[in-house]
Every structure is written in C-alpha cells, then in structure tokens.
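Remarks on the structure that follows.
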Amino acid sequence: MPLDRLAFQGLRNFKTLELSPGPRINVFVGENGSGKTSLLEGIHVLGMGRSFRTRQLRNAIAHDASELVLHGRLDGEPPVPVGVRRRLDADELEMRLSGEKVGRVSELVQTLPLQLINPDAFRLLEGSPAGRREFVDWGVFHVKHDFLDAWKRYRRALKHRNALLRHGRMQDASMSAWERELAHWGARMDDLRRAWLDAFLPVFQETLEGLISLPDLQLRYARGWDRKRELAEVLEQGRETDQQMGFTQQGPQRADLSIRLGRRPAVEILSRGQQKLVVSALKLAQGRLLERLTGRSCVYLIDDLPAELDDGRRRIFCEWLMHMRCQAFITSVDPGALMEQWDPNTPVSMFHVKHAEVGQGQLLPMDRQTS
C-alpha cells in the first residue's frame, strides 16, 4: 500500500511538514542542505523505527524542539495510520498502528516495507558481513513468518553460551543445553535463509541484466560454519578456542553473502557507477520478490538517484521503477536530471525543497512541465 499522507514535526530543520505524496513516483529537488534527505529519513523512521543518518534518534530532533513526531497513512480499505514519537527526555520510541500502541519495531517493519538506496547501500559491496546478513534477513523476515521467532531463540541461546564461555563454565550442564538450542535454531535459520535465496537469485539476475550486463557477477552464500559438519559438532569441538576468544566463533551469526566478479570481490573491479547499479539491483530485486511471493509492495527511498549514473543509466533505472509500478521517493539536486526520464503515462509528482520547506507541483503527463 502506498503512503498517501505524511505529517512531520520536529524533524531536523522542519518545524512542521504536511505532504500528500503521489501513489507512484515522487521526486524531490533542491540544493544541498535543503532537507531532501531529511524527508527520506522521516519515512525511514516510520517504517524501521530508526534513522539511516544517526545511531541515536534524538539527534534527528530539531534543536529547538522537545520531541520528534512522525505520522503517515497507508492507502487502503481501510487506510492504515502509522505514527512514531521520540521525546528528548525519554529513552523509548513510541509507536502506533491504526491508533493502537505497539511495542515491537518488527510490527512497523511488517506494515511498511522499505528499500533504501543511498550511499550507505554501497556497504553491501564494501562493508562488513553484518550489512549483508541484515539484507538477507530482511527478505526472509517478510516472507517466512517463523523466521523472527527462530532468530530470537537463536540470539537468546547465543547470549547464554557466550556468557558461560566468558565465565569459564565449559563443563556446566547448561552449556550442553544451550548448545542444543543453538544447533536447532541455527539450522532452522540457515534453512530459511537458503530457501529465500533460492527464490531471490533468479529475480536478482533478471533485475541486474535489466540494469547492466555483468554476466560473471555471482552471489555466494556462506552459512557461517563448516558446510560439511553439523553445527552441534562444531560448537562442542570449538569450546576451548571459543573460550579463549570469549565468544562463539561459528554459527549463522557469521553468515555472509559474498558478491564476486569472477574470482575477485566485485568492489575491487567495478566502477562506482557499476557498483551503484549492482546494489540497486539487489534492492529492487528484493522488493520484486516480496511482491511476487506476498502481493505486497515496497516503498523505495532513493537518495540522489542521478549521482554516479550517466543519462542512459538513469533512464534505465527509471524504466525499472515505472515497470514495477511501485511508490518511490527520489531526491536530486538537479531537477533537469530526471525531468525527461518518465513515460508520459506514469504519474509523477515533483516537489521543490527549499530551506526545509516543500512546495509541490504536479508533473503534467504530456509536456512534463511543473505548475
């Protein structure tokens, strides 16, 4: 379901903001520092309960405000209101869905699936395995309903085993009990991840081929422990070295999705523009698979789409967004960079952002002029 209303208060330089986005393509143009990325940040907080710009959400609160209040409404029958509030003098994020208070961020994530394409997305290629695990687990979470439970149970068992390792209690009877839990839920997590990847890979290949020709690019999943041995055996035999390190060294918490071009990491070979198309293909394919398996669509947040892409690649990227019939929020410094990229039959809304104020003009379907 697309967002048909946004209302923000106390978000960085925005005192108040009310916006009625279009159901398809929404383009925000303005100078650097005008507030375009803050708009995307507000939507991201609504759907993820956290910012992509700061670890501490209180840092996103305007300097003269005591709280951050974000509201959105998902179009539907009936509409679904979504709201979050973060006070400066409180540690907890308040969240509401359809007027009811909710206590888990996972409920926001489930209600408003988001895909963010911004400079941080390059971490899928150049960053640590943690970012790639998060990418995979987002996809699994949305289509495998028992994944969240398995993930929580595994994390709980991992926490207890690590505590026993640090206190030198390897012979404690509880060690074996927690290792059995780890082995059971770790295997379940791995099964769910593999099943999702089996469905994801052909969608990714199709999406990648639509954006750029890289026939040698491969995704390889490593589950986080020896593929020829059971996790229970690995844990038991690794107790001594794990105790020396003070934590569990093998398991699904060490899984990775390597992205290689031939025999080398793709990030070592691809240009910055090629890297952007690869990470965009990953994000778009994840959304396409979600829609294919569940009938639900992602909302795409794309910060500075034209950056690192020539005119031809921009057009191809925009064609994919039109083909997917999704809702997208796109920012750009240069209004002309995206003005002519859209099919005349695609509804596109243009917004001008200036000093944290937003003025809207509807992009007309025939002459592409703002009014």
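The values are calculated or read from the model by the stated rules, or taken from the named source; none is laboratory data. This one's a predicted model, so the numbers in the text were calculated from it and none came from an experiment. Here the Cβ is made from the backbone with ideal geometry for all residues, glycine too, and neighbour counts use every protein chain on show. Note: accessible area is taken over every heavy atom of the protein model, side chains too, but ligands, DNA and RNA are not part of it. Shrake-Rupley method; radii C 1.70, N 1.55, O 1.52, S 1.80 Å.
Reported count of residues in segment 43-74, each being open to solvent by less than 80 Å² (accessible area, probe 1.4 Å), in contact with a Ser or Thr (Cβ under 9 Å, 6 or more places away or on another chain) and free of Cβ contacts under 8 Å to residues at least 60 places away in the same chain, is 3. Of all residues in segment 206-227, those being open to solvent by 60 Å² or more (accessible area, probe 1.4 Å) and under 20 Å from F317 (Cα atoms) number 4. Based on this model, can you work out whether K144 counts as more than 26 Å from H71 (Cα to Cα) and open to solvent by 30 Å² or more (accessible area, probe 1.4 Å)? When the stated conditions are applied, K144 passes them. Per this entry, R96 is not counted among residues that are part of a strand (DSSP E or B) and open to solvent by less than 30 Å² (accessible area, probe 1.4 Å).
Criterion applied to V353, V358, V278 was being open to solvent by less than 40 Å² (accessible area, probe 1.4 Å) and assigned to a strand (DSSP E or B), and the one residue passing it is V353. Being of a type in the set (A, V, I, L, M), part of a helix (DSSP H, G or I), more than 30 Å from S20 (Cα to Cα) and open to solvent by less than 20 Å² (accessible area, probe 1.4 Å) is a condition met by no residue of segment 285-301. For the criterion of being part of a loop (DSSP other than H, G, I, E, B), surrounded by 14 or more Cβ atoms within 10 Å (Cβ to Cβ) and of a type in the set (V, I, T), T331 fails.
In segment 317-327, the count of residues that are crowded, with 21+ Cβ neighbours inside 10 Å, modelled with pLDDT of 90 or more and part of a strand (DSSP E or B) is one or more.
Residue-by-condition table, conditions (1) without any contact (Cβ under 8 Å) to a residue 60 or more places away in the chain; (2) more than 19 Å from G224 (Cα to Cα); (3) open to solvent by 10 Å² or more (accessible area, probe 1.4 Å):
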residue: K159; (1), (2), (3): yes, no, yes
residue: N162; (1), (2), (3): no, no, yes
residue: H167; (1), (2), (3): yes, yes, yes
residue: A173; (1), (2), (3): yes, yes, yes
residue: W178; (1), (2), (3): yes, no, yes
residue: H184; (1), (2), (3): yes, no, yes
residue: R188; (1), (2), (3): yes, no, yes
residue: D191; (1), (2), (3): yes, no, yes
residue: R194; (1), (2), (3): yes, no, yes
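Identify all residues within segment 27-54 that are at pLDDT 90 or above and in a loop (DSSP other than H, G, I, E, B); write none if there are none. Answer for segment 27-54, where residues must be at pLDDT 90 or above and in a loop (DSSP other than H, G, I, E, B): G49, R50, S51, F52, R53, T54.
Here's the yes/no breakdown for (1) of a type outside the set (D, E, K, R); (2) at pLDDT below 95; (3) more than 24 Å from K276 (Cα to Cα):
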| site | (1), (2), (3) |
| --- | --- |
| K101 | no, yes, yes |
| V105 | yes, yes, yes |
| V109 | yes, yes, yes |
| E126 | no, yes, no |
| R133 | no, no, no |
| D137 | no, no, no |
| K144 | no, yes, yes |
| A150 | yes, no, yes |
| R166 | no, yes, yes |
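Would you mind stating whether S38 is among the hydroxyl-bearing types (S, T, Y), in contact (Cβ under 8 Å) with a residue 12 or more places away in the chain and open to solvent by 60 Å² or more (accessible area, probe 1.4 Å)? No: the conditions fail for S38. Of everything in segment 20-64 that is of a type in the set (G, A, S) and over 17 Å from G10 (Cβ atoms), the residue that is nearest to the chain's Cα centre (by Cα) is G47.
Right, A121: surrounded by 15 or more Cβ atoms within 10 Å (Cβ to Cβ), under 30 Å from P81 (Cα atoms) and modelled with pLDDT under 95 or not? So A121 fits the description; yes. Screening Q110, Q115 for residues that are touching a Cys at 6+ places or on another chain (Cβ under 6 Å), touching a residue at least 24 places away in the same chain (Cβ under 8 Å) and not small (G, A, S) leaves exactly one candidate, Q115. Of all the numbered requirements in (1) closer than 22 Å to A285 by Cα; (2) touching a Lys or Arg at 6+ places or on another chain (Cβ under 8 Å); (3) free of Cβ contacts under 8 Å to residues at least 40 places away in the same chain, R123 misses one, and that requirement is (2).
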